[in-house]
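See structure below.
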Amino acid sequence: MLSKILSHWFLTGLPLVLISPILGFQLGLETESIIILMMTLLIGTPVLSLIGAVGAGLTLGVRGGGVLLSLLVLPLYIPVLIFGSGAVDAARSGLGVEAHFSLLGAFLVGALLLAPLGAAAALRISLD
Amino acid sequence: MSIFTKAFWLQLSSPKVFYPIADKSIPWLLTATVLLLLVGLYYAFIVAPVDYQQGNSYRIMFIHVPAAWMGMWIYVVMCIYAIIGLIWNTRLSNMMAAALAPTGALFTFLALWTGALWGKPTWGAYWVWDARLTSFLILLFLYFGFMSLRAAIDDPRRAARASALLAMVGIVNIPIIYFSVKWWNTLHQGASITLDKAPTMAASMFTAMMIMAAAFLTYTFAVAFMRIRNEILEKEKNSAWVNEIVGPEK
C-alpha cells in the first residue's frame with residue numbers, strides 16, 4: 001500500500017516540489033522563501049497523497065466517485081495547506097517557521113502511520 | 001425482564017425490540033423539547049442580564065454554544081455507533097449512525113451560521129479563517145461526506161462499513177476543534193465553561209445555556225428515533241411484525 005502511495009507521490013508531488021523554485025522566481029519570492037516553500041511542499045505533498053489514498057479506496061467503483069472523492073478529501077487537506085502556506089508567509093515576514101514545520105512533520109508522521117492501514121481497510125471494504 | 005441483566009441490553013440491538021421503544025418515546029421526547037425550549041428561551045431572553053460589553057447581541061450564544069456542543073457530540077456518538085456496527089455487524093447501530101448524521105450536520109451548520117451572525121457585530125466580520133472556525137467547517141464537510149458516501153453505495157452493508165471508516169478517519173478533527181482555542185490564540189474566544197473551573201459567566205446565563213443544550217439533546221433523540229423508525233420499517237418490510245404494523249405490502 002505504502003509503495004503505491006509513494007509512486008503516486010513521485011508522479012504528482014515530487015514534480016511540484018522540483019518545479020516550485022521556478023514558479024517562486026516568477027512570482028518574485030526571495031531565495032530564502034523559496035527554500036522554505038520547497039521544504040513545506042516536500043513534507044506536505046506526501047500527506048496529501050496519503051490522505052487521498054484512503055479517500056480513493058473508499059470511493060472505488062462508486063457512482064460519481066470523482067466528485068465524492070473531492071468532497072471527502074479536500075476538507076482534510078485544509079490543515080496541511082494552511083500550515084504549508086503559513087510557513088512561507090511566516091518566513092517572508094521574518095518570523096520563525098519552526099512551529100509550522102513541526103506541525104507539518106507531525107501530519108506526515110501521523111499520516112504515514114495510519115493512512116496505509118486506512119487505505120488497505122477501505123480497499124477491503126470496497127472489494128468484498 | 002429486569003433491566004439489570006445483560007440479555008435486556010443486548011436484545012435492544014434487535015430492530016424488532018427497538019422499534020416500539022423508539023415509537024413510544026418520540027412523543028415524550030418532543031414534549032420535553034418544546035417545554036425545555038420554552039423555559040430555555042425565557043431564561044435566555046428575559047432572566048439573563050444584558051452583557052456589559054456586547055449588549056444584547058451576546059444572546060445568540062444560547063443557540064450558538066449548545067448547537068456547537070451538539071455538532072461535536074453527535075459526531076462522536078455517530079462514530080461510536082459506526083465502529084460498533086463495523087465490529088459486530090449490528091444493523092441497528094449502523095441505522096443509528098445514519099439517523100444521527102443529518103441532525104449533526106444541522107447543528108454544525110447552525111453553530112457556523114449563528115457564529116457568523118454573532119461575529120459581524122462583535123468582530124466586524126462574518127467569517128475569518130480562525131482555527132476554531134476552520135476546524136468546525138471541516139466537521140460540516142465530514143458530515144456531508146459521511147452522508148453522501150453512504151448514499152452513493154448501493155449495497156447497504158458496504159455503505160455502512162465504508163462510511164464507518166470515514167467517520168473514524170474524521171474523528172481526529174474532534175480534539176482539534178476542542179483544543180483549537182487553546183493551541184492557537186486566534187480570534188475565537190476560549191471556553192467559558194470547563195469541567196475543572198467554575199463557569200466565567202452569570203449563573204442565569206449558565207442556566208439558560210444548559211436548558212437549551214438539554215432541549216437540543218431531546219430534539220436530537222426525537223428526530224433520530226423518527227428517522228430510525230422509518231429506516232427499520234423500510235429494511236424489515238418483508239418481516240411478519242412489520243406487516244402487522246403497516247399492513248401487508250401492496
Solvent-accessible area, 1.4 Å probe, carbon plus sulfur percent, for chain B: 69
Relative contact order [Cα under 8 Å, 6+ residues apart], chain B, whole percent: 32
Lysine pair number, Cα distance threshold 25 Å (strictly under), the protein assembly as shown, separation 8 or more or different chains: 12
With all protein chains modelled, accessible area of residue B:118 [1.4 Å, Å²]: 40
Buried solvent-accessible surface, both chains (B, A), 1.4 Å probe, Å² to nearest 100: 1800
Prolate/oblate/rounded label for the protein assembly as shown (Cα gyration tensor, a/c 1.5): oblate
Whole-number percent relative contact order across chain A, with pairs defined as alpha carbons under 8 Å at least 6 apart: 34
Förster-model FRET efficiency, 41 Å R0, residue A:117 and residue B:47, C-beta, rounded to 0.05: 0.20
Positions from the range A:8-54 whose accessible area shrinks by 20 Å² or more when the full protein complex is built, not the chain alone, probe 1.4 Å: A:54
Principal-axis tilt of helix A:2-26 within chain A, Cα atoms, nearest 10 degrees: 30
Cα long-axis angle, helix B:15-42 against chain B (0 to 90 degrees, to the nearest 10): 20
Between 0 and 90°, nearest 10: helix B:173-183 axis offset from chain B longest Cα axis: 10
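The values are calculated or read from the model by the stated rules, or taken from the named source; none is laboratory data. Owing to the predicted nature of the structure, the values given are computational and were not obtained by experimental measurement. Using ideal geometry, Cβ is built from the backbone for each residue, glycine included, and neighbour counts are taken over all protein chains shown. Protein only, heavy atoms only, side chains kept; ligands, DNA and RNA dropped before computing areas. Shrake-Rupley method; radii C 1.70, N 1.55, O 1.52, S 1.80 Å.
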